[in-house]
Amino acid sequence: MIELKNVNKSYSERTVLCIDSLEIKKGERLSLTGANGSGKSTLLKIIAGVIPYNGKVNVPGRVLYMPQKTVLFDMSVLHNVTYSLTGKRKEKEEKAMEALRKTGLSELYNKNALTLSGGEGARLALARILVNDCDVLLLDEPTGAVDIEGTEIIENAVKEYSEKNGCTLITATHSPLQAKRLSRRVIMLEKGEIAEDCTPEELLLNPKTDFGKKFVSMWRY
Ligand SMILES: Nc1ncnc2c1ncn2[C@@H]1O[C@H](COP(=O)(O)OP(=O)(O)OP(=O)(O)O)[C@@H](O)[C@H]1O
Ligand SMILES: [Mg+2]
């Protein structure tokens, strides 16, 4: 189980995240939502262990983290996936090609990754995740720059991966509908604090806070 207790993150004395208590069960699928600047990425970075913070955070097992801004290497699409793998070259390439097929990129395997479009780049970042096992998968707006078809490809690949691995999945998203498709629990952050913690259906149909109501009503447009 992932546990956070009295977690606080400030930049230049401005608090951007303040969480008294949060528990996420092993294998749970959770979405994080909330307005720009509400602290979604900050929370994921803290769970990933890539930024300092105050408080107690316990994240057991191996964590894989896909940041909001995709970082690709100046090498082929295929090599971007194989570089993190060990073993024989042929086996690494077979594994990578399977991940590229799942993310709809197999035809682009030989292209330089830096020439990919934003949406293709996001799918490549996911393909790199799919070739490794983990206990906790953190995805920061994995479909932020992705079209409808690409979104479906990514969501299907993520669902298949997390079901097969039994990993805990935490996805930051601006879409309550994506939260519903990917998870059974959604946390809405408002100015760095937990404003709602419920099922995606509850958030869509019956948000408790004024902020939740406004957020969801805007989504109906
Ligand atoms: N390195 C930093 N230095 C100063 N302020 C920061 C830094 N990183 C984040 N912040 C601030 O912390 C707050 C929360 O940022 P965060 O990236 O977690 O928001 P978010 O919910 O992910 O937003 P978005 O939907 O735009 O991705 C913002 O006000 C942001 O400006
Ligand atoms: Mg963010």
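The values are calculated or read from the model by the stated rules, or taken from the named source; none is laboratory data. Please read all numbers here as calculations on a predicted model, not as lab measurements. Quick reminder, even Gly has a Cβ in these numbers, built from the backbone with ideal geometry, and neighbours come from all protein chains shown. Surface accessibility is based on the protein's heavy atoms, side chains included, excluding ligands, DNA and RNA. Shrake-Rupley method; radii C 1.70, N 1.55, O 1.52, S 1.80 Å.
Each Cα pair under 8 Å and six or more residues apart adds its sequence gap; the mean of these over the residue count of the chain is a relative contact order of 26 percent.
Along the axis of the charge dipole computed for segment 2-219 (Cβ charges of +1 for Lys and Arg, -1 for Asp and Glu, origin at the Cα centre), the listed residues Val81, Ser183, Asn36 are led at the positive end by Val81. In nm, give the distance between the simple-model label positions of Ala145 and Ser21, each being 7 Å from the Cα along the Cα-to-Cβ direction. Spacing of the two 7 Å Cα→Cβ label points: 4.1 nm.
What the phi angles of segment 28-35 give under the Karplus curve with 6.51, -1.76 and 1.60, with θ = phi - 60°, is a coupling list of 6, 10, 10, 10, 10, 10, x, 5 Hz, glycine and proline written as x.
Rounded to whole numbers, the Karplus 3J(HN,Hα) couplings from phi for segment 100-117 are 5, 5, 4, 9, x, 10, 4, 6, 9, 4, 8, 6, 5, 4, 6, 8, 6, 6 Hz, using 6.51 cos²θ - 1.76 cosθ + 1.60 with θ = phi - 60°, and x at Gly and Pro. Per-atom-type breakdown for the chain gives carbon and sulfur 49% of the accessible area (1.4 Å probe, protein chains only). The overall shape of segment 1-58, judged from the alpha-carbon gyration tensor, is oblate: a/c is not under 1.5, and a/b is no greater than b/c. So how far, in whole Å, is the C-alpha centre of segment 79-100 from the one of segment 42-72? Using only Cα atoms to place each centre, the spacing works out to 25 Å. Separation of the alpha carbons by more than 32 angstrom is noted, of Lys56/Lys90; Lys25/Lys111; Lys88/Lys111, for Lys56/Lys90; Lys25/Lys111. Counting only DSSP beta bridges with both residues in segment 2-219, tell me the antiparallel percent, nearest 5. The antiparallel proportion sits near 55 percent. Partner aspartates and glutamates whose Cα lies under 14 Å from the Cα of Lys208, excluding those fewer than 8 positions away in the same chain, are identified as Glu190, Glu196, Asp197.
Per residue, the chain exposes 52 Å² of accessible surface when a 1.4 Å probe is rolled over the protein heavy atoms with every protein chain present.
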